[in-house]
Amino acid sequence: MKFSTVAGVFDQVEQESSRTIITSLLAALLTKASAHEASVIAYFSLGSLKPPYLGAQFNLAEKSLINVIALLLGHSVDVVKKELKRVGDLGSVVAQYTWGIESSVLSLIDVERSLHELLAMGGTGSQDIREQAVVKLLGALDPVSAKYVLRII
């Protein structure tokens, strides 16, 4: 299943206030997914990569993510900060722009794998490596998909 499909449903859920409709949207998505994809979707819908009892710390501060977004969009850090203040979260900042990707070909499992690799990065100089990995991942996604990946991170 393409990650853009999952992100599209998440976007519909975000716009919806009816719990019945939200449940229907997520149920329809889960019926199209394999067992592994369904578990990934469940965790992603909670804004997490893993179950809460396992924890997942990406060790990327907001300042680092602002740098990533500025690099991705080709804007200054000040422009990104101003936009962040206006819209409220980094995912929404990214969703407003385009960077040449109309539709992502990355699958849900590709995104999960990339996030697990990001989570495993550590050691000296790993901050720069993490930031480069996030830029690469977001650059391969459409804006709506990038919005939800940032929210997970």
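Kindly report the accessible area of the chain per residue (heavy atoms of protein chains, probe 1.4 Å, no ligands, DNA or RNA), in Å². Before the final figure, lay out the partial values.
Working: 8260 Å² over 153 residues.
Per residue, the chain has 54 Å² of solvent-accessible surface.
Of the heavy-atom accessible surface of the range 9-91 (probe 1.4 angstrom), what whole percent is carbon and sulfur? Don't skip to the answer; put the middle values down first.
Numbers: 2820 of 5140 Å².
The computed percentage sits at 55.
At a Cα cut-off below 19 Å, give the lysines reachable from LYS81, other chains included and same-chain residues fewer than 8 away excluded.
Correct list for LYS81: LYS63, LYS147.
Given the C-alpha centroids of the range 97-143 and the range 24-70, what is the distance between them in whole angstrom?
13 Å
Determine the gain in length on full extension of the stretch ALA56-ALA120; use 0.36 nm per residue of separation and subtract their C-alpha separation, reporting nm with one decimal. Display every interim value, and only then the final one.
Numbers: separation 64, 0.36 × 64 = 23.04 nm, distance 0.98 nm.
Taking ALA56 through ALA120 to full extension adds about 22.1 nm, to one decimal.
Roughly how tilted is helix 3-15, in degrees to the nearest 10 and between 0 and 90, from the longest Cα axis of the chain?
Result, in degrees: 80.
The values are calculated or read from the model by the stated rules, or taken from the named source; none is laboratory data. Values in this document were obtained by computation on a predicted structure and should not be read as measured data. With ligands, DNA and RNA removed, areas are computed over all heavy atoms of the protein, side chains included. Shrake-Rupley method; radii C 1.70, N 1.55, O 1.52, S 1.80 Å.
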